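Participant: Mind having a look at this structure? Questions to follow.
The values are calculated or read from the model by the stated rules, or taken from the named source; none is laboratory data. Predicted model, so just to flag it, every value in this text is computed and none were measured. So basically every Cβ, Gly included, is an ideal-geometry build from the backbone, and we count neighbours across all protein chains shown. Note: accessible area is taken over every heavy atom of the protein model, side chains too, but ligands, DNA and RNA are not part of it. Shrake-Rupley method; radii C 1.70, N 1.55, O 1.52, S 1.80 Å.
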Amino acid sequence: MSTGIESFGAYIPITRLPHSVIAKKGVKAGGSEKAVAWADEDAITMAVAAGANCLRDLDRSQIDILIFASTSFSFAEKQGASIVAKALDLGTNIKTVDIGGSLRAGTLALQQAIDSVLAGSARKVLVLAADCRMAPPHSSLETNLGDGAAAFLVGSDSVIAELQHSASHANDMMDIWRRQGDTFVHSWEDRFVNLHGFQETAQAAIASLFEQTGSTAADYTRVCLYAPDARNHAGLAKSMGFATEQLQNPLFGQLGNTGTAFAPMQLIAALQQAAQDDSILVVNYGDGADAISFKVLAPATAYLPVRRGVDFHLKRRRIIDSYDKYLSARNLTPSEYPELDDQGISATVQFRNRDENLSLQGQVCNHCGTHQFPKGRVCVRCGTRDHWSAVTYAGMGARVLTYTFDAFYPSPEPPTVATLVEVTLADGSVGPRIHMQFADATASDMRTGLEVEFTLRVIHRAGKRPNYFWKCLPIGETA
Amino acid sequence: MSLKDKVAVVGVGCSKFGENWNRSEEDMIVDATYEAYRDAGIDEPLKQIDAVYCGSLYSKNGPVEVSEALKLYKPMTAVQNYCATGTEAFRAASMAIAAGVYETVLVVGYDKPKDRGVSGPSVNIRDVRDLPATPAGWFAICAKPYFEKYGAGREQLAKIAVKNHYNGTLSPNSFLKKAITVDDVLNARMISWPFGLYDCAAQTDGCAVTIVTRADKARQFRDDPVYVKAVASGCAPNPNTDPDFDFCRWRATENAAAEAYRMAGISNPGQDIHVAQVHDCFTLTELLSYEDLGFIDKGSAKEYIDSGYFELDGELPVNTDGGLKAFGHPTGASGVRMIVENVLQLQNRAGKRKPKRQPTMALSHNIGGFPTGSAVAILGIEKGS
């Protein structure tokens, strides 16, 4: 019996900021760009989207642990994994874990997950890595950083890639950091950081793996290297003797460095292309380095329905043509209005409504079969009281009944598209009607009857907290 | 059970509606109430008024503001039902008189939203997911299905705005006194499709007051009292979660209208109602209400609007004073302000706003929530037997 990766999913925000727009030179066709989480997205919403992609059409009942890796959790004290577990409807018999602090958290989480399954303390583990790191406007970091998320389901059943060997190399230095309370990531001088930090540490981990396994650079079919930028990526590959054709495209200039999700996303892209018996090397860096080798037991398509991996998301692009809109989406635009210092949504109200808000759960009347969202006590159609079964609609599709373009709702890019959708149940019958916003929508996309799916987003920031609810977006091609 | 001919309006008053930066709640309450006292011939309110019913949605300190402003030592009842608050305060007062609890009651509807420091409507955030749109956004939800089904469009909405703007130029207390054209409406900046700026009521401060008394005592106050034929309320759960909602009607209005017509003994509202003040927070609200109130058949608003049926010189003038469009919408005041206008119309005191035939039966209508509450009041100049 093998243990390793059973499924995977990625998420990349549809919004792309061209580097030429950052330089205030307008949009240039074919130029470099980065993926940016928009105003209603953060590490948590991206992790939920990647997780949903990873778990699509799979049984979730055996997931005993969820590990969420990020350096940009929404809260300094309050778990991210618990929110994600609720949004992915993983039930309450689950151990939720956040791993943070280091950009290496994504591969650390993956190794922990595999260890847990090997040790017999979990049947399956869901691993999520997502980052939405803030770079100072007009810094070199700003062009390098991108946003995205990766998810893996780890188990011992239909394993497509088995972890074979790993080597770690610990290293502490002040290379890149964000202090408590800082908005932006800071780094020390590039040349020092990249030479004595990234290059030397990653080289040491790789050398250690080579020594441990008696392998050489040429033994790996695919090599996924974390690197802070394209130049350092090429530098590390050359120093360790990897040929260009072995290297997984790190997508600098398309996606950007997605932090904890960066190496995992490359692994996903590699798995989508891999053939049986391929050997994949993943190298990750952050306060030390990991070198991990996987053996591909079966091509992804052997066990899995179509996954939304990296390619799927790279094709979906919405270009942001204004740097000011980006600053506004990142809440970096000064306003003449005093910032609201409200208490936000009552925590008790939020507690009572957690099923609706995070799981998109409503109910069906056991007497007349009418679906209702949000939950209530009395059936809107037959008047029967307290005779309900809970239904989670998050994974279902829906149909637009009507919509408006609301230019007054606060948004970096008004208007906000507000719609009433009618859920389509798995058997094709009609579910509840839900009043919600569209995500990533433009006016020209909209029509009545449009088929949509649901995505967890930040609906507003009352109380200066992210408040999560579902939005809808057009059903993408499942290529 | 009916309120018909048990209660009469004997005095009305209305403050100037607008961005009353240099006027307080107290100023507006005093202005409108003392005008109503004068109208009813009341010179000793402490003796002649038995109770106060107050409708306000944004009151800073609650109904004590009315007691304080008027220095009245009287029972006070506060009534709220979103934007139907004004009519609901009038209904509660009428019922108290009909029940024989009080004889003469002051109804004060007011609000002062312009002290809140926001321009236009604020975004409503109560639960995380509540109302993912602004007021314009949630009323606009009905536009697309109605337009697709019945063929009306932005041009019909624009004609409603043009009509109400024109009527507002004839009203001394209105906020907007500017005639506009259909092109002005269609070319204005969008608020929430299909609503442009001119499709939306403004937000203003204002106060309106009526004095109501027992019908059999009304002539002690004035020779031409106006009789309450019906006041009815219709509340409903959120239509947007109703699986049968067709986006073309609001049941709260249909139910309130049916109840009011039953109470008033009206079987053909399109004929029997001669003038109406209809809730027009957005132009589409007025359009749907023509049909929900039974003035015309469902789906026929387009042809009636195009023919000028609801204009001041039309067959059934609607919003003769300019409506919420021209007065703005100080929430608690609007319903009472509509009753004030209907009283003036029925008493032939509306001046330049006089329709081509002198009305004897008038309807006013509020709608509130998203929308979940509606109230309808019917007044007549003739007392039934």
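Participant: Only one of A:K86, A:K25 is free of Cβ contacts under 8 Å to residues at least 24 places away in the same chain, on the phi < 0 side of the Ramachandran plot and surrounded by fewer than 24 Cβ atoms within 10 Å (Cβ to Cβ); which?
Facilitator: A:K25
Participant: If we keep just the residues of the range B:93-112 that are within 25 Å of B:D27 (Cβ to Cβ) and outside any strand (DSSP E or B), which is modelled with the lowest pLDDT?
Facilitator: Filtering first and then ranking leaves B:K112.
Participant: Check whether at least one residue in the range A:337-356 is more than 30 Å from A:C224 (Cα to Cα) and more than 12 Å from chain B (Cβ to nearest Cβ), and report yes or no.
Facilitator: yes
Participant: Assess whether B:T360 counts as being of a type in the set (V, I, T), open to solvent by 10 Å² or more (accessible area, probe 1.4 Å) and on the phi < 0 side of the Ramachandran plot.
Facilitator: Yes.
Participant: OK, next. Only residues that are within 20 Å of the chain's Cα centre (by Cα) and without any contact (Cβ under 8 Å) to a residue 40 or more places away in the chain: list them for the range A:276-312, please.
Facilitator: Across the range A:276-312, there are no qualifying residues.
Participant: Going residue by residue through the range B:339-352, is there one that turns out to be in a helix (DSSP H, G or I), at pLDDT 95 or above and in contact with a Phe, Trp or Tyr (Cβ under 7 Å, 6 or more places away or on another chain)?
Facilitator: Within the range B:339-352 (the criterion being in a helix (DSSP H, G or I), at pLDDT 95 or above and in contact with a Phe, Trp or Tyr (Cβ under 7 Å, 6 or more places away or on another chain)), the answer is yes, since at least one residue qualifies.
Participant: Failed condition for A:V421, given (1) in contact with a Lys or Arg (Cβ under 7 Å, 6 or more places away or on another chain); (2) more than 9 Å from chain B (Cβ to nearest Cβ); (3) surrounded by fewer than 24 Cβ atoms within 10 Å (Cβ to Cβ), with all others met?
Facilitator: Going through (1) in contact with a Lys or Arg (Cβ under 7 Å, 6 or more places away or on another chain); (2) more than 9 Å from chain B (Cβ to nearest Cβ); (3) surrounded by fewer than 24 Cβ atoms within 10 Å (Cβ to Cβ) one by one, A:V421 breaks only (3).
Participant: Looking at (1) buried (at least 22 other Cβ atoms within 10 Å of the Cβ); (2) touching a helix residue (DSSP H, G or I) at 6+ places or on another chain (Cβ under 6 Å); (3) part of a helix (DSSP H, G or I), which one does B:A69 not meet, given that it meets all the others?
Facilitator: Every condition holds for B:A69 apart from (1).
Participant: All but one of (1) open to solvent by 10 Å² or more (accessible area, probe 1.4 Å); (2) closer than 13 Å to B:G11 by Cβ; (3) not hydroxyl-bearing (S, T, Y) hold for B:R214; state the number of the condition that does not hold.
Facilitator: (2)
Yes/no matrix, rows are residues, columns are (1) at the interface with chain B (Cβ under 10 Å from one of its Cβ atoms); (2) open to solvent by less than 30 Å² (accessible area, probe 1.4 Å); (3) farther than 30 Å from B:P194 by Cα:
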| position | (1), (2), (3) |
| --- | --- |
| A:Q361 | no, yes, yes |
| A:F373 | yes, yes, no |
| A:V380 | yes, no, no |
| A:G383 | no, no, yes |
| A:G395 | no, no, yes |
| A:R399 | no, no, no |
| A:D406 | yes, yes, no |
| A:A439 | no, yes, no |
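Participant: I would also like to ask the following. Any residue in the range A:102-116 that is hydroxyl-bearing (S, T, Y) sitting within a Cβ distance under 6 Å of a residue that is open to solvent by less than 20 Å² (accessible area, probe 1.4 Å)? List the pairs, counting only those 6 or more apart or interchain.
Facilitator: A:S102/A:G286; A:T107/A:A263; A:T107/A:N284; A:T107/A:D290; A:S116/A:I65; A:S116/A:A122; A:S116/A:V125
Participant: Of everything in the range B:311-326, what is out of contact with any Cys (no Cβ under 9 Å at 6 or more places or on another chain) and among the hydrophobic types (A, V, I, L, M, F, W, C)? Give them in sequence order.
Facilitator: B:L312, B:L316, B:V318, B:A326
Participant: Within the range B:237-263, count every residue that is within 18 Å of B:E286 (Cβ to Cβ) and not in a helix (DSSP H, G or I).
Facilitator: Result for the range B:237-263: 4.
Participant: Output the number of residues of the range A:441-459 satisfying the condition of being touching a Phe, Trp or Tyr at 6+ places or on another chain (Cβ under 7 Å), away from chain B (no Cβ under 13 Å) and farther than 23 Å from A:Q363 by Cα.
Facilitator: Residues in the range A:441-459 being touching a Phe, Trp or Tyr at 6+ places or on another chain (Cβ under 7 Å), away from chain B (no Cβ under 13 Å) and farther than 23 Å from A:Q363 by Cα: 0 in total.
Participant: Can you tell me which residue among B:P359, B:P371 is modelled with pLDDT under 95 and closer than 21 Å to B:L293 by Cα?
Facilitator: Criteria check complete, one pass: B:P371.
Participant: Among (1) away from chain A (no Cβ under 14 Å); (2) within 28 Å of A:F373 (Cα to Cα), which single condition is B:T241 missing?
Facilitator: B:T241 satisfies every listed condition except (1).
Participant: Let me ask something else about it. Would you tally the residues in the range B:140-167 being closer than 18 Å to B:T204 by Cβ and either of a type in the set (D, E) or buried (at least 24 other Cβ atoms within 10 Å of the Cβ) (or both)?
Facilitator: Qualifying residue count for the region: 3.
Participant: Another question, if that's okay. Residues of the range A:80-111 being in contact with a helix residue (DSSP H, G or I) (Cβ under 9 Å, 6 or more places away or on another chain) and part of a loop (DSSP other than H, G, I, E, B), which ones?
Facilitator: Listed by number, the residues that qualify are A:G80, A:L88, A:D89, A:L90, A:G91, A:T92, A:I94, A:G100, A:S102, A:L103, A:R104.
Participant: Scanning for something assigned by TED's automatic domain parsing to the domain that holds A:G51, farther than 24 Å from A:M46 by Cβ, out of contact with any Lys or Arg (no Cβ under 8 Å at 6 or more places or on another chain) and open to solvent by 60 Å² or more (accessible area, probe 1.4 Å), does the range A:309-318 turn up at least one residue?
Facilitator: Looking for residues that are assigned by TED's automatic domain parsing to the domain that holds A:G51, farther than 24 Å from A:M46 by Cβ, out of contact with any Lys or Arg (no Cβ under 8 Å at 6 or more places or on another chain) and open to solvent by 60 Å² or more (accessible area, probe 1.4 Å), one finds none in the range A:309-318, hence no.
Participant: Away from chain A (no Cβ under 14 Å), open to solvent by less than 10 Å² (accessible area, probe 1.4 Å), closer than 21 Å to B:T285 by Cα and not basic (K, R), is that true of B:S94?
Facilitator: Criteria not met by B:S94.
Participant: Count, please, the residues in the range A:91-123 that happen to be surrounded by fewer than 22 Cβ atoms within 10 Å (Cβ to Cβ) and either out of contact with any Gly (no Cβ under 9 Å at 6 or more places or on another chain) or in the same structural domain as A:T392 (by TED's automatic domain parsing) (or both).
Facilitator: 14
Participant: Follow-up question, since we're still on this one. Go through (1) of a type outside the set (V, I, T); (2) more than 22 Å from the chain's Cα centre (by Cα); (3) assigned to a helix (DSSP H, G or I) one by one and return the number of the condition B:N61 breaks.
Facilitator: B:N61 satisfies every listed condition except (3).
Participant: If you don't mind, there's one more thing I want to ask. Can you report the number of residues in the range B:138-193 which are within 14 Å of chain A (Cβ to nearest Cβ) and not in a helix (DSSP H, G or I)?
Facilitator: Count: 6.
Participant: Looking at (1) more than 20 Å from A:S74 (Cβ to Cβ); (2) crowded, with 21+ Cβ neighbours inside 10 Å; (3) under 19 Å from the mean Cα position of the chain (by Cα), which one does A:L128 not meet, given that it meets all the others?
Facilitator: Every condition holds for A:L128 apart from (1).
Participant: Report yes if some residue within the range A:61-70 is in a loop (DSSP other than H, G, I, E, B), aliphatic (A, V, I, L, M), in the same structural domain as A:L267 (by TED's automatic domain parsing) and open to solvent by less than 10 Å² (accessible area, probe 1.4 Å); otherwise report no.
Facilitator: No, the range A:61-70 has no match at all.
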